[in-house]
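**Q** First, the structure itself, so that you have it in front of you.
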Amino acid sequence: MTVTKRDGREVEFDKTKISDAICKAIVEVDGFLADDTKQLAYDIADRIAERTNENLSIEQIQNMVEVQLMLSWRKDIAKAYILYRNERTKIRERNSSLVKKIMVRADSKVNFRSNANVDESSFSGREKEASADIGKMIALDFDGLSQDVANAHKEMLVYQHDLEKAIYGIHNCLNLNFQEIFTYGFRTRNGDVRPPTSFSTACQLVAVAFQCQSQVQFGGVGSIHLDYDLAPFVKLSFYKHFADGLVYLAHYTRDDVDWLVDQWKREKKNINNEYFMKSFGDAVYQYAMDMLEREGKQATQGLYHNLNTLESRQGSQVPFTSINLGRDTSFEGRLVTKWIMDASIDGIGQHHLTSIFPISIFQYKQGTNANPTDPNYDLKQHALVSMSKRIYPNWCNCDWSQAHEDENDPDTYFATMGCRTLIGYDRHGLGYIRQGRGNNVPNTIILPKLGIEFGICLGNRDNPDLDGFWKAFEETLQLTERGLLERFEIMVRQSPKSAPFMYQNNTIQDARNCEEDVFNALRHNTLAIGYIGIAEMCQALFGKNHVHDKEVHDFAISVVKRINEYAAEASERNNLNFSCYATPAEGLCRTALMGLRKQYGVIENVTSHDYLTNSHHVPVWEKVSIQQKLECEAPFCKYPTGGCITYVELDSTFVKNTKAVEDIIDYAFKVLDIPYLAFNFPIDSCLNCGYQGEFNDKCPQCGSENIQQLRRVTGYLTTDYRNFNDGKQREVLEREKHSNYTPQVASDQE
């Protein structure tokens, strides 16, 4: 007798395999193997073995075993055998599915474009995505997460971001504690680095630290005040250049100069001190300033080039870096901001292209840089010039009603990550200190699903079932809380050895108090309850979105307000930092859309576009003015304590009118209390001749099709918008320019 296995091979029949499988079912039911039940297993195996001349498949044999057990005196064993068989079938199907996924990833021609800045065709990119498939399957199907949380993800109700990282306990993002790095230097596995003693060295270490930190987390890295971080090293470089000037121009001995430099360091003398200007002659001072300017420009250009070329993650990814600046009014701090904006304007590479990273963020503050009489107002103007050419910087409102700053402590200054993450109050003693803190993980509620279930869009009711909506929404919030706590529990069980750079070098708060686990550090970070698709939720519920109807708009606000309230309640309940988060959803905008289409089909303006609208944003296809866009979104902005962003779409001519853009920023911040603002406009570059402007498929100057078309994804740029997933590409094409529906103000450049 032969048996045909599932892979098609024929093998000799072995009745012991049948009796062994039945015995496992017996032990599952009874807890032990008695002689009479063991004999039952042997008898069934013998009966099947009597069919000597047949060739049977595995499935046929298992069916026969089930029949024999059902005819026996132990039907409970039959049930256990059937359950055991079903479980084995599920495992085989999972394994088969996983192998197929891995084989697809091995094909260099396949590129799902799940992340716009990952090269999925590269060796490391394919390996990364294959590993991610395994991690996701374990998290969802092998008890990496609880069944309720896993099912909510599968059903497109509550999305687990970076799911493949869940089983490893990796956290999301961090604002690095650069004071630690610059004071003590840092260690890596293969060596240690001394503290910097010049501005150029400090800039190099910023890039290296960002790179090292990015390898022990899955999200972005940032500095909350790079101008303050780097200002001390402007002084140190100036001292060196001034000392050289004294030697070369004033003929001082090196010993005398070294003594003077030590004295300057002890006294921390400012560059613009009259002592330097008058005590040693104008020539020495001018020489030192000229050399300092050269070093500053070269160092910041080097920083920009490093942050765009240090591919520290699989898939040729560079660190997702954000730098906040613009608040330091010292002579040295102002120079840092100026040089960084200069580097942004200058661009990178042979053709001076717009850099993808870092995302620079200008910290707008009345009394500091917002108004013409403010000491850093000229830097605001410089930032506007950079933005008009490079899209960056974004704009962060440090006068926001929820900023909660201590004017005397820059570590509490309001700052954001590039995509939108912000860090609020810490329940564990740090208050609003944002240095050395970040987000552990976000989960996102896919609101359109609830809108579809309880709205009028399916045609099964004339009025939305709002009672049903709120009940289901509350249950969904509870499920989101559980999902975040499960992820957090996995994270805090990890050893500090899992992220040696972060815990050895104290880049995260309380790292030195982490010995066996990392709870003491990660408790300062946030757990974010995110949301996507306010517009589609409203459309599904009411047949119209929140843009043009006040009652619908008020309802939408009440949903976000409830997330904010629930986050506060969860914080009290768990003694952790929960936040409300307006999710960026680069890949999720497409993933969630496809999941909902599969469940409900195509519903006009709910699932009919190839993406879901981010958070509470006005849908990109809406023809609204700049003012209408801002005024629609502004009331939502006080609730996402974990971060939100407001975009304005401009054409490439409007953005050159920096006075008009400044008026938009002032209105958004001073009048509407919007916390974080960014402007989108096309940036196209020819990679052959270097021509830059706005054009379609060919360079208008040389006719080349070797072009780069930069567009913003969710908060950051990518090398070319054609690297976006299909949904995000469609969203880019459907974006209406709000400047087209806004009267143009007279240009300040005329």
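The values are calculated or read from the model by the stated rules, or taken from the named source; none is laboratory data. As the structure is a computational prediction, the values presented were derived from the model and not from experiment. Glycine gets a Cβ as well: all are built from the backbone with ideal geometry, and neighbour counts include every protein chain shown.
**Q** Let me confirm something: among Val284, Val318, Val257, which residue is surrounded by 15 or more Cβ atoms within 10 Å (Cβ to Cβ) and free of Cβ contacts under 8 Å to residues at least 24 places away in the same chain?
**A** Selected residue: Val257, the only one of Val284, Val318, Val257 that is surrounded by 15 or more Cβ atoms within 10 Å (Cβ to Cβ) and free of Cβ contacts under 8 Å to residues at least 24 places away in the same chain.
**Q** Next question, about the same structure. Taking only segment 347-359 into account, find how many residues are within 22 Å of Phe320 (Cβ to Cβ) and either assigned to a loop (DSSP other than H, G, I, E, B) or among the charged types (D, E, K, R) (or both). Steps first, please.
**A** Step one: filter segment 347-359 for residues within 22 Å of Phe320 (Cβ to Cβ), giving 347-349, 353-359.
If we keep only those that are either assigned to a loop (DSSP other than H, G, I, E, B) or among the charged types (D, E, K, R) (or both) as well, we get 347, 349, 354-358.
Number of matching residues: 7.
**Q** Consider only pairs whose beta carbons are under 9 Å apart and that are at least six residues apart or on different chains; among these, list those whose first residue lies in segment 132-149 and is within 12 Å of Lys165 (Cβ to Cβ) and whose second residue is among the polar types (S, T, N, Q) and at pLDDT below 90.
**A** Close Cβ pairs (under 9 Å, with a partner that is among the polar types (S, T, N, Q) and at pLDDT below 90) amount to Ala132/Ser114.
**Q** Shifting gears a bit: May I ask you to verify whether Ile534 is of a type in the set (A, V, I, L, M, F, W, C), more than 26 Å from Trp621 (Cα to Cα) and in contact (Cβ under 8 Å) with a residue 60 or more places away in the chain?
**A** In short, no.
**Q** Right, here's the next one. Just wondering, is there one or more residues in segment 431-444 that are farther than 18 Å from Asn564 by Cβ and of a type in the set (Lys, Arg)?
**A** Yes.
**Q** Let me ask something additional. So Gln366 clears everything in (1) surrounded by fewer than 20 Cβ atoms within 10 Å (Cβ to Cβ); (2) farther than 30 Å from Glu129 by Cβ; (3) touching a residue at least 40 places away in the same chain (Cβ under 8 Å); (4) out of contact with any helix residue (DSSP H, G or I) (no Cβ under 8 Å at 6 or more places or on another chain) except one condition, right? Which one?
**A** Exception for Gln366: condition (4).
**Q** Next up: Determine if segment 473-480 includes at least one residue that is outside any helix (DSSP H, G or I), at pLDDT 95 or above and either surrounded by 24 or more Cβ atoms within 10 Å (Cβ to Cβ) or not acidic (Asp, Glu) (or both). Steps first, please.
**A** Of the residues in segment 473-480, the ones outside any helix (DSSP H, G or I) are none.
No, that holds for no residue.
**Q** What pairs come up if the first residue lies in segment 655-669 and is acidic (Asp, Glu), the second is surrounded by fewer than 17 Cβ atoms within 10 Å (Cβ to Cβ) and modelled with pLDDT under 95, and their beta carbons are under 9 Å apart, counting only those six or more places apart or on different chains?
**A** Final answer for the pair search is Glu662/Asp748; Asp663/Val745.
**Q** Separate question: What are the pairs, 6+ residues apart or on separate chains, where a residue within segment 201-229 that is in a helix (DSSP H, G or I) has its Cβ under 7 Å from a residue that is among the polar types (S, T, N, Q) and surrounded by fewer than 23 Cβ atoms within 10 Å (Cβ to Cβ)?
**A** Ala207/Asn306; Gln211/Ser312; Cys212/Thr188; Ser214/Ser312
**Q** Of a type in the set (Ser, Thr, Tyr) and either more than 18 Å from the chain's Cα centre (by Cα) or closer than 18 Å to Arg189 by Cβ (or both): does that describe Tyr503? Working first, answer last.
**A** Numbers: of a type in the set (Ser, Thr, Tyr): yes; either more than 18 Å from the chain's Cα centre (by Cα) or closer than 18 Å to Arg189 by Cβ (or both): yes.
It is true that Tyr503 is of a type in the set (Ser, Thr, Tyr) and either more than 18 Å from the chain's Cα centre (by Cα) or closer than 18 Å to Arg189 by Cβ (or both).
**Q** I'd like to verify a number: residues in segment 553-582 that are surrounded by fewer than 19 Cβ atoms within 10 Å (Cβ to Cβ) and aliphatic (A, V, I, L, M), how many?
**A** So the answer is 2.
**Q** I'm told Val27 meets every condition in (1) at pLDDT below 85; (2) under 30 Å from Asp141 (Cβ atoms) except one. Can you identify the failing condition by its number?
**A** (1)
**Q** Still on this model: Would you confirm, using the coordinates I've provided, whether Gln494 is outside any helix (DSSP H, G or I), polar (S, T, N, Q) and out of contact with any strand residue (DSSP E or B) (no Cβ under 9 Å at 6 or more places or on another chain)?
**A** Numbers: outside any helix (DSSP H, G or I): yes; polar (S, T, N, Q): yes; out of contact with any strand residue (DSSP E or B) (no Cβ under 9 Å at 6 or more places or on another chain): yes.
Yes: the conditions hold for Gln494.
**Q** Which fully enclosed helices (runs of 4 or more DSSP H) of segment 244-315 have 2 or more residues being under 17 Å from Leu230 (Cα atoms)?
**A** Working: elements: 254-267, 274-279, 282-307.
Ranges flagged: 282-307.
**Q** Scan segment 423-443 and tell me whether some residue there is over 24 Å from Asn513 (Cβ atoms) and among the hydroxyl-bearing types (Ser, Thr, Tyr).
**A** no
**Q** If Tyr432 passes every condition in (1) without any contact (Cβ under 8 Å) to a residue 40 or more places away in the chain; (2) of a type in the set (Phe, Trp, Tyr); (3) within 30 Å of Gln539 (Cα to Cα) but one, which one does it miss?
**A** Condition (3) is where Tyr432 drops out.
**Q** Being closer than 30 Å to Asp227 by Cα, in contact with a strand residue (DSSP E or B) (Cβ under 7 Å, 6 or more places away or on another chain) and either aromatic (Phe, Trp, Tyr) or assigned to a loop (DSSP other than H, G, I, E, B) (or both) is the filter here, so list the residues in segment 149-184 that pass it. Break it down into steps so the answer makes sense when it comes.
**A** Pass one, segment 149-184, residues closer than 30 Å to Asp227 by Cα: 170-184.
From what is left, the residues that are in contact with a strand residue (DSSP E or B) (Cβ under 7 Å, 6 or more places away or on another chain) are 171-176, 178.
His171, Asn172, Cys173, Leu176, Phe178 - these are the residues of segment 149-184 that are closer than 30 Å to Asp227 by Cα, in contact with a strand residue (DSSP E or B) (Cβ under 7 Å, 6 or more places away or on another chain) and either aromatic (Phe, Trp, Tyr) or assigned to a loop (DSSP other than H, G, I, E, B) (or both).
**Q** For segment 297-312, does any single residue satisfy the condition of being β-branched (Val, Ile, Thr) and crowded, with 19+ Cβ neighbours inside 10 Å?
**A** Residues of segment 297-312 β-branched (Val, Ile, Thr): 300, 309.
Add one more test, that the residue is crowded, with 19+ Cβ neighbours inside 10 Å, and what stays is 300.
Checked segment 297-312: at least one residue is β-branched (Val, Ile, Thr) and crowded, with 19+ Cβ neighbours inside 10 Å.
**Q** So, one more: Restricting to segment 584-610, name every residue that is in a loop (DSSP other than H, G, I, E, B) and over 21 Å from the mean Cα position of the chain (by Cα).
**A** Going residue by residue through segment 584-610, those that are in a loop (DSSP other than H, G, I, E, B) are 584-587, 601-610.
Gly601, Val602, Ile603, Glu604, Asn605, Val606, Thr607, Ser608, His609, Asp610 - these are the residues of segment 584-610 that are in a loop (DSSP other than H, G, I, E, B) and over 21 Å from the mean Cα position of the chain (by Cα).
**Q** Something else: When you scan segment 28-51, how many residues do you find that are in a helix (DSSP H, G or I) and exposed (fewer than 13 other Cβ atoms within 10 Å of the Cβ)? Break it down stepwise before answering.
**A** Filtering segment 28-51 for residues in a helix (DSSP H, G or I) gives 28-30, 35-49.
Applying the additional criterion that residues be exposed (fewer than 13 other Cβ atoms within 10 Å of the Cβ) yields 35-36, 39, 46.
The number of residues fulfilling the criteria is 4.
**Q** Within segment 375-428, track down each residue that is touching a Lys or Arg at 6+ places or on another chain (Cβ under 7 Å), under 30 Å from Thr653 (Cβ atoms) and small (Gly, Ala, Ser).
**A** Once the filter is applied, which keeps residues that are touching a Lys or Arg at 6+ places or on another chain (Cβ under 7 Å), under 30 Å from Thr653 (Cβ atoms) and small (Gly, Ala, Ser), segment 375-428 yields only Ser388.
**Q** Report the residue count in segment 585-602 for those that are surrounded by fewer than 20 Cβ atoms within 10 Å (Cβ to Cβ) and under 21 Å from Gly455 (Cα atoms).
**A** Of the residues in segment 585-602, the ones surrounded by fewer than 20 Cβ atoms within 10 Å (Cβ to Cβ) are 591, 594, 597-602.
Checking the rest, the ones that are also under 21 Å from Gly455 (Cα atoms) come to 594, 597-602.
Residues flagged as surrounded by fewer than 20 Cβ atoms within 10 Å (Cβ to Cβ) and under 21 Å from Gly455 (Cα atoms) within segment 585-602 amount to 7.
**Q** Can you name the number of the only condition in (1) closer than 11 Å to Leu447 by Cβ; (2) more than 23 Å from the chain's Cα centre (by Cα); (3) among the aliphatic types (A, V, I, L, M) that Val552 fails?
**A** Going through (1) closer than 11 Å to Leu447 by Cβ; (2) more than 23 Å from the chain's Cα centre (by Cα); (3) among the aliphatic types (A, V, I, L, M) one by one, Val552 breaks only (1).
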